[in-house]
1. Can you tell me which residue is farthest from B:Lys99 (Cα to Cα) among those in segment A:114-141 that are within 14 Å of another protein chain (Cβ to nearest Cβ) and touching a residue at least 40 places away in the same chain (Cβ under 8 Å)?
2. Within the set of pairs 6 or more residues apart or between chains, which connect a residue that is more than 12 Å from chain B (Cβ to nearest Cβ) and at positive phi inside segment A:145-168 to a residue that is modelled with pLDDT under 95 and not in a strand (DSSP E or B) with Cβ atoms less than 9 Å apart?
3. Might you check whether a residue that is part of a helix (DSSP H, G or I), under 15 Å from the mean Cα position of the chain (by Cα) and surrounded by 15 or more Cβ atoms within 10 Å (Cβ to Cβ) occurs anywhere in segment B:57-77?
4. With the requirement that a residue be farther than 20 Å from A:Ser161 by Cβ and surrounded by 15 or more Cβ atoms within 10 Å (Cβ to Cβ), what does segment A:131-143 give you?
5. Taking interchain pairs and intrachain pairs at least six residues apart, which have beta carbon atoms under 8 angstrom, with the first residue in segment A:63-92 and more than 21 Å from A:Ser44 (Cα to Cα) and the second among the aromatic types (Phe, Trp, Tyr) and not in a helix (DSSP H, G or I)?
6. Step by step: first the residues of segment B:53-65, then only those that are within 9 Å of another protein chain (Cβ to nearest Cβ) and either out of contact with any Asp or Glu (no Cβ under 8 Å at 6 or more places or on another chain) or not small (Gly, Ala, Ser) (or both), then the one that is farthest from A:Glu138 (Cα to Cα). Which residue is that?
7. Among (1) in contact (Cβ under 8 Å) with a residue 40 or more places away in the chain; (2) within 14 Å of chain A (Cβ to nearest Cβ), which single condition is B:Arg78 missing?
8. Can you name the residue in segment B:81-108 that is more than 9 Å from the chain's Cα centre (by Cα) and of a type in the set (Gly, Ala, Ser) and, of all such residues, is farthest from the other protein chains (Cβ to nearest Cβ)?
Amino acid sequence: MKTLTIIIFSGFFSLSSTLASAGLLEDKNCGSCHRLNAEETEKSFTGPNLHYAGNKFQPKWLSEFLKNPEIIRPGGFINNPGFLKGDSESQPPHPSFPEEEANAMAAELMGLKITKQTSVTTEPLSKGQRAKIKYQFERTFSCISCHQSLNLAGKVRGGISGPSLVNAGNRLQADWVADWLSTPETYTRKGRMPHYKMDPVTLIQFTRFLMMLKKENIK
Amino acid sequence: MILTLWVTGCGQNEQTAPAIKPPTQQEVGKTISQTPQPVLAQVTEKTRQTYQWYCAQCHGMKGKGDGINAKFLTVPPRNHTKAEYLETRTDEQLFEAIKFGGLSVGRAPCMPAWGHTLDEDTIHSLVQYIRELCQCQAL
């Protein structure tokens, strides 16, 4: 039932995405920390951009997060003055909400979209492909230096300056991940992650690799 | 692409500069024994900001190798204030490490490649900034 409401809501809002910017998110003042409109290009925010939340997140994860926020950026948000100092452990907890409100906000967030992405398959990688991409994730592209992920034993490993990817498969949309890895500038004016020029096959394999990371696999 | 390389090659690219430099130095009447000095990239406020924005995540705000990722890496980020090691590396080696990543110069893969993020002039200026941090030159 819950998921049904979300599907209906998100369907509604993606049809009328221009209307979706107001409402509950505004009432709750989410816009004081998050960018909610594509037009707000001048302001600098203290939280991640949400004006493309409908492209980026899985609706179920959004509701879950708003009920029970978890830390995604162990090093803090990249624009915060404390980011490089490593004192982000003292970040205040994210606002949380009762079930119904959380679901309604998640539905509203799913209506915030900026692009039409190309679709990427989320079919799991074969064992061999997975081993290959894991190697590249750690060595060729140094992703692990800045991102937490899971090693073969199911343990969390990696740097903390980027968002944790341990739960990427439950949190992010595959199409968005592929888009991010090829054209991050669509989503953020200036990030701290290096740009990569992956060939199309590697790009899709990386996306599928990240979509296999799920927190249920933590051991 | 080829054009950009060509243009920077004619600008302050330190590798190509020495070829045109020596005659002028002699004309000016400097000591003949002096080896030609390459034109060094300038360290500007922008260089420092670039270092803070990207490199400090691992190398730390002061370049001491103590950024927020440092304790999670299998090989620690290089301390850019330590002359002993950096004296043993040429500017070209540092340039390559930044542009193509640690693996390209036989160092650890934890050091990412910045060649698709930063242009060559910026990378040259970062090399000079690291020389400022270590207060050292290649021996």
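1. Here the answer is A:Lys134.
2. Pairs found: A:Gly154/A:Asn217; A:Gly154/A:Ile218; A:Gly154/A:Lys219.
3. Yes; the residues of segment B:57-77 include at least one that is part of a helix (DSSP H, G or I), under 15 Å from the mean Cα position of the chain (by Cα) and surrounded by 15 or more Cβ atoms within 10 Å (Cβ to Cβ).
4. A:Lys132, A:Ile133, A:Lys134
5. Partner pairs satisfying both residue conditions: A:Leu66/A:Phe97; A:Lys67/A:Phe97.
6. B:Met61
7. Going through (1) in contact (Cβ under 8 Å) with a residue 40 or more places away in the chain; (2) within 14 Å of chain A (Cβ to nearest Cβ) one by one, B:Arg78 breaks only (1).
8. Of everything passing the filter in segment B:81-108, B:Ala83 is farthest from the other protein chains (Cβ to nearest Cβ).
The values are calculated or read from the model by the stated rules, or taken from the named source; none is laboratory data. Source: prediction; values computed, not measured. For neighbour counting, all protein chains shown are included, and Cβ atoms are generated from backbone atoms with ideal geometry for every residue, glycine included.
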